[in-house]
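I have placed the structure first, in the form of structure tokens, so that the comments after it can refer back to it.
The values are calculated or read from the model by the stated rules, or taken from the named source; none is laboratory data. Computed from a predicted model, the values in this text were never measured in an experiment. Cβ coordinates were reconstructed from backbone atoms using ideal geometry, including for glycine residues, and neighbour counts include every protein chain displayed.
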Amino acid sequence: MNYETELADLIITLVKEGGSDLHLTVGSFPTLRVNRDLIPLTRKRELTPEDTAGFLRVMVGDKAFTNFVVSQEIDFSYEHAKEYRLRGNASFQRGYVSIALRLIPKVRSISELNLPDQVVQIACERQGFFLVVGPVGQGKSTTLAAMIGLMNSESKRHIVTIEDPIEFRFDQDKSLIEQREVGVDTKDFYTALTHAFRQDVDVLMIGEMRDKETMAAAVTAAETGHLVISTLHANSAAQTVDRIIDSFPADQQDQIRLQLASSLLGILSQRLIPRISGGLIPAFELLLNTPAVSNLIRERRTHELDVLIETGTQDGMIDLDRYLADLVRRGEVTKDDALQFARRQSIFQRLL
């Protein structure tokens, strides 16, 4: 098998079918994920151990493949025909190479993604800390890319992204954009962040907040005149605040709590819901750092943040259950689909 040619065919098929992911696993047909459903390509043959190893060699090269055999895990990016980019992960299962590839869409605008208007306002801020949170596969990176795209087209800023791996590629417009890949351009997120303080940076985009060192450096950067945007795996805004604080030893939690209370701009939690007309549509929870929110964070009363979100519409807050109910009323999603994502199902039912 010519693995480069076969991989190209699989990627084109993924694009034509409107899929988001491509799975290459020994003993299975190449499999697409389309609108959350897994679709095996039965016109292809089942993959052998030689096939998955061959595909990975094409995508990462011999040197990285050799390192992968030792480490047994690898994150990477792959570009096909200078048109389609994919984010990949390879691992071993039952001793065989298994590959998951996610198609990275073109950078889309905030309006195309149906993001709240408040996100535009945050992208225009000169300083502060903003997080996009949610489970895997909910469009967090796509949202950050849209924010970078807006900044790039409307303002003159020095923007540095730190990613593992680089996903969206940006063509410079009004802004100066530098994209650094962990393991290629820098040792790790923390190292890149600490050196960014001497690089005359206006905006820092951190692909993911993975450890307390990165979190501490990001909050410090936000306090010292930078706009910092990033992602975190968390289910809600309130849980995000708790997760950040709880990542630190007890004797450091008061300090990070004070820093977070003063530097936080907001937290956007998002989910992608199956749309009645086809495809997916986002639903949001948005916490904005009002004086009341800041006080709750400082005073260790983060369990009350949900109430502020629920009652904070006039401050620009967005309650997820109210947003889901609105999507149902507008005929965008079914009640059953929305109910699966509701945080308080009884309240959601009353809002319909």
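Remarks
- Residue within region 309-329 that is over 26 Å from residue 345 (Cβ atoms) and among the β-branched types (Val, Ile, Thr) present: no
- Reported count of residues in region 285-318, each being under 17 Å from residue 132 (Cβ atoms) and part of a loop (DSSP other than H, G, I, E, B), is 3.
- For region 298-326, a residue qualifies if it is among the hydroxyl-bearing types (Ser, Thr, Tyr) and without any contact (Cβ under 8 Å) to a residue 12 or more places away in the chain, and the qualifying residues are 311, 313.
- Assessment of region 81-104 against the conditions (aromatic (Phe, Trp, Tyr), touching a helix residue (DSSP H, G or I) at 6+ places or on another chain (Cβ under 7 Å) and not assigned by TED's automatic domain parsing to the domain that holds residue 225) yields at least one matching residue.
- Top-ranked residue of region 156-172 - restricted to ones that are more than 22 Å from residue 117 (Cα to Cα) and over 17 Å from the mean Cα position of the chain (by Cα), ranked as surrounded by the most Cβ atoms within 10 Å (Cβ to Cβ): 158
- Every residue from region 134-149 that is in a helix (DSSP H, G or I) and over 15 Å from residue 104 (Cβ atoms): 147
- Residue list for region 182-212, restricted to those being part of a strand (DSSP E or B) and touching a residue at least 40 places away in the same chain (Cβ under 8 Å): 203, 204, 205, 206
- For residue 153, the conditions (1) without any contact (Cβ under 8 Å) to a residue 60 or more places away in the chain; (2) crowded, with 19+ Cβ neighbours inside 10 Å; (3) not in a strand (DSSP E or B) are fulfilled apart from (2).
- Test: residue in region 248-260 that is of a type in the set (Gly, Ala, Ser) and either out of contact with any Leu (no Cβ under 9 Å at 6 or more places or on another chain) or surrounded by fewer than 19 Cβ atoms within 10 Å (Cβ to Cβ) (or both): yes
- Tally, over region 21-51, of residues that are surrounded by 13 or more Cβ atoms within 10 Å (Cβ to Cβ), at pLDDT below 95 and either assigned to a loop (DSSP other than H, G, I, E, B) or of a type in the set (Asp, Glu) (or both): 1
- Residues of region 219-237 that are in a helix (DSSP H, G or I) and over 15 Å from residue 209 (Cβ atoms): 223 alone.
- Scope region 316-341; condition over 24 Å from the mean Cα position of the chain (by Cα) and either assigned by TED's automatic domain parsing to the domain that holds residue 278 or over 18 Å from residue 118 (Cβ atoms) (or both); matching residues: 325, 328, 329, 330, 331, 334, 335, 336
- Of the numbered criteria (1) among the polar types (S, T, N, Q); (2) modelled with pLDDT of 95 or more; (3) closer than 29 Å to residue 166 by Cβ, the one residue 289 fails is (3).
- In region 311-352, the residues that are in contact with a Lys or Arg (Cβ under 8 Å, 6 or more places away or on another chain), surrounded by 15 or more Cβ atoms within 10 Å (Cβ to Cβ) and either over 26 Å from residue 265 (Cβ atoms) or of a type in the set (D, E, K, R) (or both): 321, 328, 332, 333, 351
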